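Taking it in order: structure first as structure tokens, then the write-up.
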Amino acid sequence: MEYFEIELEQATFTYEDGVEALTNLQFCARAGEFVVILGANGAGKSTLCFLLSGIVPHIYGGRREGKVTVAGHDPWDEPLFITAKYSGVLLQDPEVQLFNPSVFSEMAFGPSNLQVEREEIIRRVDSAILMLHLDGLEKRNPRDLSGGQKQRVALGAALTMRPKVLVLDEPTSQLDPIGRAEVVEAIHRLKSSGEMTIVMTTHETDDILDLADQVLVLDRGKIVLSGTPRDVFSQPQVLRDAGIKIPDALDILMKVDELGGCPTELTDEQIDHLDGSTVGSHVAELISAGRLEVVGPREAPKAQAGELKPFILEADHLTYQYPGYPPVGALDDINLAIRAGEMVGIVGQNGSGKSTLVKSFVGLLRPTRGEIRVNGKNISKVPVGKIARQVGLVLQNPDYQLFTTSCKEEILFGLKNLGIEGEEAEEKVRSALAMVGLEAELETFPFRMSFGDRRKLAVAATMAMDPQVLILDEPTTAQDHRGRYQLAEIGRRFREEGGRTILMITHDMDLIAHYAERLIVMWNSKIILDGPTDEIFAQREQLARTFLRPPVAAEVANRLRQFGFPQNVITPDGLLNGLRRRNC
């Protein structure tokens, strides 16, 4: 009889409030397998992680039916400290798992509580530190590390427990490109060691093509698709219906092959190595073989001088240093001017100064040197509350902005401060919630909603105040593919309906390519690139210095330069519009 490290049979779980999160789940995983769980927000991915790690029912209660076996145990029947011996878990937010004063003590904490011998604990910690490239950081406080380093420390703390099964719940969703690459590399090394069975939930499908042995797709608590990456990603319509992003390289390849009348059957190995360069080479072969020809969209006309609107935000020699000794600089002599009605993307690694810049625009931080002007007026002595009437900021973590007992009260708070009450306020509340798709949550306590919905609520509360400028700081964090585009689309509509200005900080290059006409790249407290988005994405060497990559479509277009393909193409739709089947 074959042994499975994980086995679920007709597993159903219902939370105490009556919400059935998982329905009749059936799947198995062998020792050493890597299982990826895909699904939109609310599909049940985190609940499945909780079920496998014992968090359900010992932290979140409810009712379970069916069979769940992990490393030969049922997590339902044993206390959490026993389950932790064979099932480790890494949550998407490392902050909630880190509480020790040093990296070493964080990793030693778990095995110490399991009464592991001191010498063995040291061996385990040393091994984890080497595997995760954290050497030299042993004495550092985890709170002082970067996002990617924190996530790797939390991963190390799980590894030192030596679990047979490791559960990773969206481990890269809150990281910048560098941190994401660090964690993905660490996961690759874990998989190659073959020492444990790994289950990972994610929205980042591009990261998992060469990792997964088995892919499960959840939709509203049910498995709607399962198999190898080839099996799953060969059914794009099912994925789209479930709100899942098809990896850009694979999506473009399939559409190009369909356009050329030569759909290809990809092997798992070919899928593993797909990127913009390989897809570009494939498209070039189709053109050379006479299956496709370049028709090429024309570059969109640039705005003429007479069309330019006045500046609404200006930074003049803006410098900001965080307090401490020695002073820590976050902005270094920034000069920037943004016109009314622009939709601007701001990109850069964590720590480059993006959030410090936008906090300066709303007066939360006051310049060490230089000045900020809103509508031409220096705001150095303007109260934050007054600035908020003109410039609205949605923070990266919405929980810093939510504090009332219902969604309705959350939005009313800002309106009351503007002197808007009664029927007018009620209408603005309904309109703002409808715009973000939360109209049914009028009386819901915000912290009973998902992180993604709390972010939408923070956006609604800010938009209800009708600022001239709306700033979205990392709106894609913890959002699924559908949610990312919903928020960006909300920003676009908000801009078009009232000529407002939108600034969007994000690590999602494809989102920037679709929505931002202007792109600002920050690195080491400075702005190093600023211009039309397509022109910035063409500066590949400069972007590489900041560890950023253009969208896959832009990389494919670059590969097709030899055929006269226009270089301002940065989206899949633009790429496909520039090609057609050759009539032979």
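The values are calculated or read from the model by the stated rules, or taken from the named source; none is laboratory data. Keep in mind that this is a model prediction, so the values were computed, not measured. So basically every Cβ, Gly included, is an ideal-geometry build from the backbone, and we count neighbours across all protein chains shown.
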Problem - Positions within segment 497-537 being buried (at least 21 other Cβ atoms within 10 Å of the Cβ), farther than 23 Å from Glu204 by Cα and not polar (S, T, N, Q), in sequence order - result: Arg500, Ile502, Leu503, Ile520, Met522, Ile527, Asp534, Ile536
Handout entry: Looking only at segment 538-584, and only at residues there that are touching a Lys or Arg at 6+ places or on another chain (Cβ under 8 Å) and polar (S, T, N, Q), the one that is surrounded by the most Cβ atoms within 10 Å (Cβ to Cβ)
Key = Asn558
Practice task
Kindly establish whether Arg180 is over 28 Å from Tyr3 (Cα atoms) and outside any loop (DSSP other than H, G, I, E, B).
Solution key: yes
Handout entry: Residue check, Arg189 part of a helix (DSSP H, G or I), closer than 19 Å to Arg124 by Cβ, of a type outside the set (Asp, Glu) and more than 21 Å from the chain's Cα centre (by Cα)
Key = yes
Handout entry: Filtered residues of segment 435-456 (kept if assigned to a helix (DSSP H, G or I) and closer than 16 Å to Thr477 by Cα)
Key = Phe451, Gly452, Asp453, Arg454, Arg455, Lys456
Practice task
Read through the list (1) buried (at least 17 other Cβ atoms within 10 Å of the Cβ); (2) out of contact with any Ser or Thr (no Cβ under 9 Å at 6 or more places or on another chain); (3) closer than 30 Å to Asp135 by Cβ, then give the number of the only condition that Gly194 fails.
Solution key: (1)
Practice task
Say whether the condition of being in the same structural domain as Leu132 (by TED's automatic domain parsing), surrounded by fewer than 18 Cβ atoms within 10 Å (Cβ to Cβ) and of a type in the set (D, E, K, R) is met by at least one residue in segment 175-184.
Solution key: no
Handout entry: In segment 211-233, the residues that are part of a loop (DSSP other than H, G, I, E, B) and buried (at least 17 other Cβ atoms within 10 Å of the Cβ)
Key = Leu211, Ala212, Asp213, Gly221
Exercise for the section: Kindly indicate whether any position in segment 562-583 is out of contact with any His (no Cβ under 7 Å at 6 or more places or on another chain), farther than 30 Å from Leu433 by Cα and β-branched (Val, Ile, Thr). Expected result: yes
Problem - Residue count, segment 491-526 (criterion: touching a Lys or Arg at 6+ places or on another chain (Cβ under 8 Å) and among the β-branched types (Val, Ile, Thr)) - result: 3
Completion exercise
Here the residues within segment 363-392 that are out of contact with any helix residue (DSSP H, G or I) (no Cβ under 6 Å at 6 or more places or on another chain), farther than 20 Å from Gln321 by Cα and outside any loop (DSSP other than H, G, I, E, B) are Val374, Lys377, Gly385, Lys386, Ile387
Exercise for the section: Search segment 176-194 for residues that are over 14 Å from Glu204 (Cβ atoms) and pair each with any residue that is among the β-branched types (Val, Ile, Thr) when their beta-carbon atoms are under 7 Å apart and the residues are at least 6 apart or on different chains. Expected result: Leu190/Ile198; Lys191/Ile198
Practice task
Taking the options Val459, Val429, name whichever one is part of a helix (DSSP H, G or I), modelled with pLDDT of 95 or more and assigned by TED's automatic domain parsing to the domain that holds Asp534.
Solution key: Val429
Problem - Qualifying position, being surrounded by fewer than 21 Cβ atoms within 10 Å (Cβ to Cβ) and at pLDDT 95 or above, among Asn100, Asn113 - result: Asn100
Exercise for the section: Take Arg495 and decide whether it is over 20 Å from the mean Cα position of the chain (by Cα) and not β-branched (Val, Ile, Thr). Expected result: yes
Exercise for the section: Test His273 against the stated conditions and say whether it is more than 26 Å from Tyr485 (Cα to Cα), modelled with pLDDT of 90 or more, surrounded by fewer than 18 Cβ atoms within 10 Å (Cβ to Cβ) and not small (Gly, Ala, Ser). Expected result: no
Practice task
Quick one: in segment 250-270, of everything that is among the hydrophobic types (A, V, I, L, M, F, W, C) and assigned to a loop (DSSP other than H, G, I, E, B), which residue is surrounded by the fewest Cβ atoms within 10 Å (Cβ to Cβ)?
Solution key: Cys262
Problem - Candidates Val459, Val429, Val394, Val469 - the one that is over 28 Å from Pro310 (Cβ atoms), touching a residue at least 24 places away in the same chain (Cβ under 8 Å) and either surrounded by 15 or more Cβ atoms within 10 Å (Cβ to Cβ) or among the basic types (Lys, Arg) (or both) - result: Val429
Exercise for the section: Check Ala43, Ala11 and return the single one that is at pLDDT 90 or above and buried (at least 23 other Cβ atoms within 10 Å of the Cβ). Expected result: Ala43
Completion exercise
The residue that is surrounded by the fewest Cβ atoms within 10 Å (Cβ to Cβ), considering only those in segment 124-144 that are more than 16 Å from Ser193 (Cβ to Cβ) and among the hydrophobic types (A, V, I, L, M, F, W, C), is Leu137
Practice task
Can you run down the residue pairs with Cβ atoms below 8 Å, 6 or more apart or on separate chains, where the first is in segment 549-572 and assigned to a helix (DSSP H, G or I) and the partner is among the basic types (Lys, Arg)?
Solution key: Glu555/Arg549; Asn558/Arg540; Pro572/Lys255
Handout entry: Boolean, Leu415 is under 30 Å from Ile246 (Cα atoms), in contact (Cβ under 8 Å) with a residue 24 or more places away in the chain, crowded, with 19+ Cβ neighbours inside 10 Å and among the aliphatic types (A, V, I, L, M)
Key = no
